[in-house]
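Everything below concerns the one structure shown next.
The values are calculated or read from the model by the stated rules, or taken from the named source; none is laboratory data. Everything quoted here is computed from the prediction, not taken from an experiment. Glycine also receives a Cβ, built like all others from the backbone with ideal geometry; neighbour counts cover every protein chain displayed. Calculation scope for accessible area: heavy atoms of the full protein, side chains included, ligands and nucleic acids excluded. Shrake-Rupley method; radii C 1.70, N 1.55, O 1.52, S 1.80 Å.
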Amino acid sequence: MKALYYEAFSGPITVAELPVPEVPDGGALIRVAASGLCRSDWHAWAGHDDTVHLPHVPGHEFAGVVEAVGAGVGRWRAGDRVTAPFVNGCGHCEWCRAGQAQVCPDQTQPGFTHAGSHAEFVVVRAADLNLVALPDGLPDAAAAALGCRFATAYRALTARAGLGPGEWVAVYGAGGVGLSAVAIARALGARPIVIDRSPAALAAAARVGAEHTLQAGPGVAEAVAELTSGGAHVAVDAVGSAETAVAGVLSLRRRGRHVQIGLLAGGLPVLPLDRVIAWELDVLGSHGMAAADYPAMLALVASGALRPDTLVGRTVGLAEAARLLPLTEPAAGITVLDPTRA
């Protein structure tokens with residue numbers, strides 16, 4: 001098969017001919033139709049994730065068709081059209097049995113713990129637990145985003161922050177997961193404000209439903225508080241920096257909820273815990289979403305209230321994806337790899 005491939009962190013990314021992965025017991029081999037280029041792929045390539053072992057094939061959010069299943073798989077067969085969350089639970093531990101596979105201590109992650117989906121084929125382990133059937137009519141490129149960015153944003157806003165209709169949500173960062181959070185917030189009847197340093201990203205946020213957009217910089221938390229008459233009910237850091245994490249907390253009104261999605265590659269922030277205590281703020285982590293939680297999100301998609309296709313900017317082939325993945329400044333919107341293209 002053809003796949004993106006690198007042998008050193010921050011090293012060259014090539015289009016390589018590699019063996020098709022073997023199908024493990026309990027797992028499934030997926031023929032990839034579309035695979036999203038995500039900021040987390042960059043973190044893995046840059047060496048920020050200690051689960052990645054070299055040499056490596058990146059990619060963790062995808063849509064495709066089951067090619068083959070391993071021994072013991074009962075729910076899936078060749079030809080089924082599927083996606084999967086980027087966190088794959090083991091299926092046996094107490095967390096998986098409780099429907100919380102996203103924190104499984106024995107989790108696997110395509111594109112991190114093993115070869116990923118920027119390839120013609122990818123393996124999903126514990127397929128009966130982790131695969132998700134895709135609805136007819138949802139394009140492959142849009143479906144690919146459901147594995148990471150939309151799922152991550154959906155669970156962060158619903159299961160973690162409990163975002164309700166009419167509430168203000170300040171979203172720091174208008175990359176793929178930030179834009180997904182805006183679209184989901186609007187679908188839930190909430191009022192998103194987006195903060196980013198890129199005018200193009202802010203314009204994209206406005207197109208998908210941001211009620212206000214603000215240029216990142218000094219005083220932005222105060223600007224959010226002024227727009228919302230006292231602060232946002234929910235803040236989301238979809239960037240992952242000390243600056244955005246602190247600004248998110250400071251953007252909240254009393255008893256507000258901050259959700260940390262962005263990976264903190266540059267060191268841990270010093271959060272204003274005096275404000276957290278005095279205002280009874282909640283600081284929450286969010287790590288993907290289990291396959292068991294997809295039906296509610298897919299129902300929003302089926303209703304037309306949530307349209308992941310509006311976030312897909314362009315589709316590229318393998319060679320262009322190899323050029324784009326190392327870039328530190330991702331394009332606005334979601335870029336998707338079609339592994340059948342050169």
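Summarise the accessible area of the chain (1.4 Å probe, protein heavy atoms) by the percent that is carbon and sulfur. Carbon and sulfur: 54 percent of the exposed surface of the chain. Using the 1.4 Å probe convention, the accessible area of the chain works out to 41 Å² per residue with neighbouring protein chains retained. Distance between the 7 Å Cα→Cβ label points at Cys93 and Arg307: 4.0 nm.
I need the shape label for region 1-107. Rule: rounded when a/c is under 1.5, else prolate if a/b > b/c, else oblate, with a, b, c from the alpha carbon gyration tensor. Oblate, because a/c is 1.5 or more while a/b does not exceed b/c.
Solvent-accessible area of Val15, all protein chains in place: 70 Å² (probe radius 1.4 Å, heavy atoms, ligands and nucleic acids excluded). Spatially, region 46-91 and region 261-323 are offset by 19 Å when compared through their Cα centroids.
Per residue, the chain reaches -6500 deg cm²/dmol at 222 nm when only DSSP H runs of four or more residues are counted, each adding -39500 (n - 2.57).
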